[in-house]
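Here's the structure, in structure tokens; my notes come after.
The values are calculated or read from the model by the stated rules, or taken from the named source; none is laboratory data. Since the model is a prediction, treat every value here as computed from it, not as a measurement. Here the Cβ positions follow ideal geometry from the backbone for every residue, glycine too, while neighbour counts run over all protein chains shown.
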Amino acid sequence: MPEGDTLHNVASRLRPALLDRALVAVSFPRLRGMDRLKAGDVVSRVASRGKYLEIEVERGLVLRSHLRMTGSWELHGRGERWRKPRHLARAVLETDDAVAVCFAAPVVEIGRRGDGALDHLGPDLCVAPVDVEEIVRRVDEWADPRSSIADVLLDQRLAAGIGNVYKCEALFACGVDPTTPLGSVAAETVRRLYETAAAQLQVNLGRDRRVTYRDGLAVYGRHRQGCRVCGTAIRSTQDGVHGRQTWWCPRCQPPLT
């Protein structure tokens, strides 16, 4: 599932092609019975919030997409051959000189400006300054202290933008075993985890390749490879309520005793 920096970068890529431009053709092959963007609409905003992308037009309609594991946004010139099959298109927005296509996204919907559809999301970690106090309040009030800290970090109601990569990388940077129950993690460590994830996300905005440790990633995707700090073999497991893969160093991230 894309991380918050991915959606921020998608918005940055689409914005010059769409913002303040009139749409000359619009297609939503899978939407039924909804008000929708149409030819003649002028795009007034292209922005990400957490893992959502929003494209708004002047009359107040908002196209929202969530890419999850399968979706992507691609930008093409008019008349240019698409890099993916047309039957995967979920939304097609055309201007005089560009075509923005959303492929295979599970969530593509039309809302209205101010409808509160994303009000459930926590503070966006890609947008500085991050309201860490609000995140801590949400964790204290909403998160189950029996949940693993790895699962808590993925809860977008608490803070928006952390996916599997930054979950693993923030836990490593803070020396926290991912299976530790939230109730056993010190309050200052919880705060530091979100501050670390925010810093990692923000430093990678606009980059094609993520870097969280030296010239790459510390633990994510590095099963059985040596830890970059101590040389211990990186472990991985698939568990938790999200069923997501987690990588960690058993020496640098020891379990609580």
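Can you tell me which residue in the stretch 29-53 is nearest to L18 (Cα to Cα), limited to those that are in a strand (DSSP E or B) and touching a residue at least 60 places away in the same chain (Cβ under 8 Å)? Working first, answer last.
At the first step, the residues of the stretch 29-53 found to be in a strand (DSSP E or B) are 42-49, 52-53.
Filter once more, so that each one left must be touching a residue at least 60 places away in the same chain (Cβ under 8 Å): 48-49, 52.
Values: S48: 14, R49: 18, Y52: 17 Å.
Step by step, filter the stretch 29-53, then rank; the result is S48.
Does the stretch 75-85 contain any residue that is within 25 Å of I162 (Cβ to Cβ), at pLDDT below 95, out of contact with any strand residue (DSSP E or B) (no Cβ under 6 Å at 6 or more places or on another chain) and surrounded by fewer than 19 Cβ atoms within 10 Å (Cβ to Cβ)? No: the stretch 75-85 contains no residue that is within 25 Å of I162 (Cβ to Cβ), at pLDDT below 95, out of contact with any strand residue (DSSP E or B) (no Cβ under 6 Å at 6 or more places or on another chain) and surrounded by fewer than 19 Cβ atoms within 10 Å (Cβ to Cβ). For the stretch 25-60, the set of residues classified as closer than 30 Å to L153 by Cβ and either outside the structural domain of A104 (by TED's automatic domain parsing) or among the polar types (S, T, N, Q) (or both) consists of S48 only. If you check T257, T232 for being over 28 Å from L118 (Cα atoms), polar (S, T, N, Q) and modelled with pLDDT under 95, only one passes: T257.
Can you name the number of the only condition in (1) on the phi < 0 side of the Ramachandran plot; (2) surrounded by fewer than 21 Cβ atoms within 10 Å (Cβ to Cβ); (3) of a type outside the set (S, T, N, Q); (4) in contact (Cβ under 8 Å) with a residue 24 or more places away in the chain that P129 fails? Failing condition for P129: (4).
Restricting attention to the stretch 62-79, which residues are among the hydroxyl-bearing types (S, T, Y) and assigned to a loop (DSSP other than H, G, I, E, B)? Walk me through it before giving the result.
So the first thing to find is which residues in the stretch 62-79 are among the hydroxyl-bearing types (S, T, Y), and the list is 65, 70, 72.
Passing the criteria: only T70.
Report yes if A22 is closer than 15 Å to T95 by Cα and either assigned by TED's automatic domain parsing to the domain that holds L205 or over 25 Å from the mean Cα position of the chain (by Cα) (or both), otherwise no. Taking the combined requirement at face value, the residue satisfies it.
Confirm whether R59 is basic (K, R), in contact (Cβ under 8 Å) with a residue 24 or more places away in the chain and either outside any strand (DSSP E or B) or buried (at least 17 other Cβ atoms within 10 Å of the Cβ) (or both).
Details: basic (K, R): yes; in contact (Cβ under 8 Å) with a residue 24 or more places away in the chain: no; either outside any strand (DSSP E or B) or buried (at least 17 other Cβ atoms within 10 Å of the Cβ) (or both): yes.
It is false that R59 is basic (K, R), in contact (Cβ under 8 Å) with a residue 24 or more places away in the chain and either outside any strand (DSSP E or B) or buried (at least 17 other Cβ atoms within 10 Å of the Cβ) (or both).
I need a count of the residues in the stretch 93-108 that are over 17 Å from the mean Cα position of the chain (by Cα), in a strand (DSSP E or B) and surrounded by fewer than 17 Cβ atoms within 10 Å (Cβ to Cβ). Spell out how you get there, then give the answer.
Pass one, the stretch 93-108, residues over 17 Å from the mean Cα position of the chain (by Cα): 93-101.
Next, from what is left, pick out any that are in a strand (DSSP E or B): 93-94, 98-101.
Keeping just the survivors that are surrounded by fewer than 17 Cβ atoms within 10 Å (Cβ to Cβ) gives none.
Going through the stretch 93-108 one residue at a time, the tally reaches 0.
Applying the criterion of being within 14 Å of R112 (Cα to Cα) and of a type in the set (A, V, I, L, M, F, W, C) to the residues of the stretch 10-45, the residue that is modelled with the lowest pLDDT is M34.
Being modelled with pLDDT under 95 and basic (K, R) is the requirement here; does R157 meet it?
On the way: modelled with pLDDT under 95: no; basic (K, R): yes.
No: the conditions fail for R157.
On the basis of being assigned to a loop (DSSP other than H, G, I, E, B), within 22 Å of L53 (Cα to Cα) and in the same structural domain as R30 (by TED's automatic domain parsing), does R83 make the cut?
Details: assigned to a loop (DSSP other than H, G, I, E, B): yes; within 22 Å of L53 (Cα to Cα): yes; in the same structural domain as R30 (by TED's automatic domain parsing): yes.
Yes.
When the residues of the stretch 6-27 are filtered to those that are part of a helix (DSSP H, G or I) and among the β-branched types (V, I, T), the one that is surrounded by the fewest Cβ atoms within 10 Å (Cβ to Cβ) is V10.
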